[in-house]
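A.B. asks: Sharing a structure with you now.
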Amino acid sequence: MAEREAREWRRGDHRISTDVDMLDVGFLHGFLTTAYWSPAISRRTVERSIQHSLCFGLYEGDQQIGFARVVTDRTSFAYLADVFISESHRGRGLGTWLIETILGHPELQGLGRWTLATRDAHELYRRFGFGPLADPSRFMEKRDRSEAGDSPLPDHRMPEVRGALGAGA
Ligand SMILES: CC(C)(COP(=O)(O)OP(=O)(O)OC[C@H]1O[C@@H](n2cnc3c(N)ncnc32)[C@H](O)[C@@H]1OP(=O)(O)O)[C@@H](O)C(=O)NCCC(=O)NCCS
């Protein structure tokens, strides 16, 4: 779902915006093809996932340097996906600011559950209250292993959902 009202947060030279029109799709696609969770993702899938998520772009001036998106009903759950800061800008607190901003978004308060998948950033997310599943026996997942990231599928197979579930896993 596209954001209805774009919001913006500023800190020094940097800003975070939920305005999808500002997103640099080429930059996003370029990074995501190098990410361990989406090596073969197509530009079309990136575009669809943006269109149907609440997206947060991080900018230095007009240049996009970070991103994250949230799949959510804005009522009971949110799934955090595709979180990254471009390599040359890491280690300056921007990732922390991005996650803080997302978790503080006014339309994402009081949700019953936030989830995410990560290979190695558990310690980072632990700082924001994330932890292991309290009762893993209640969770299930369905994966299509034939799609190593993003093989072509008919549109009705909802590739944007497939991308969300694959993020960071
Ligand atoms: C994870 C990421 C977004 C953090 O961005 P950043 O701007 O470097 O983050 P910050 O500068 O705010 O630092 C956050 C802290 O988390 C730590 N951290 C960063 N990545 C980490 C990881 N993979 N595992 C554990 N800790 C990590 C940093 O060392 C730092 O610790 P410090 O505060 O003690 O110095 C960035 O490293 C990134 O884009 N990584 C590649 C993509 C990725 O793995 N995304 C997460 C997918 S779930």
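A.B. asks: From the phi of every residue in the range 25-31, what ³J(HN,Hα) in whole Hz does the Karplus formula 6.51 cos²θ - 1.76 cosθ + 1.60 yield, where θ is phi - 60° and glycine or proline is x?
C.D. replies: Calculated HN-Hα couplings, in order: 5, x, 5, 4, 4, x, 5 Hz.
A.B. asks: Amide H of T115: which non-local residues (sequence gap of 5 or more, or other chain) have their own amide H closer than 5 Å, using H built in the peptide plane?
C.D. replies: Sorted by chain and number, the residues that satisfy this are A78, Y79, L80.
A.B. asks: Determine the equivalent ellipsoid of the range 34-115 by diagonalising the alpha-carbon gyration tensor, then write out the semi-axes as square roots of 5 times the eigenvalues, largest first, rounded to whole Å. Please list the in-between numbers first.
C.D. replies: Numbers: eigenvalues 90, 61, 26 Å².
Whole-Å semi-axes of the equivalent ellipsoid: 21, 17, 11.
A.B. asks: If you count, for each residue, the other Cβ atoms within 10 Å and average over each peptide, how do 113-119, 14-20 line up from highest to lowest?
C.D. replies: Working: 113-119: 14.4, 14-20: 18.9.
Final packing ranking: 14-20, 113-119.
Rule-based calculations on the coordinates, nothing more; no lab input. All figures in this text were calculated on a predicted structure; none of them were measured in a lab. Neighbour counts are summed over all protein chains in view; Cβ atoms, including those assigned to glycine, are modelled from backbone coordinates with ideal geometry.
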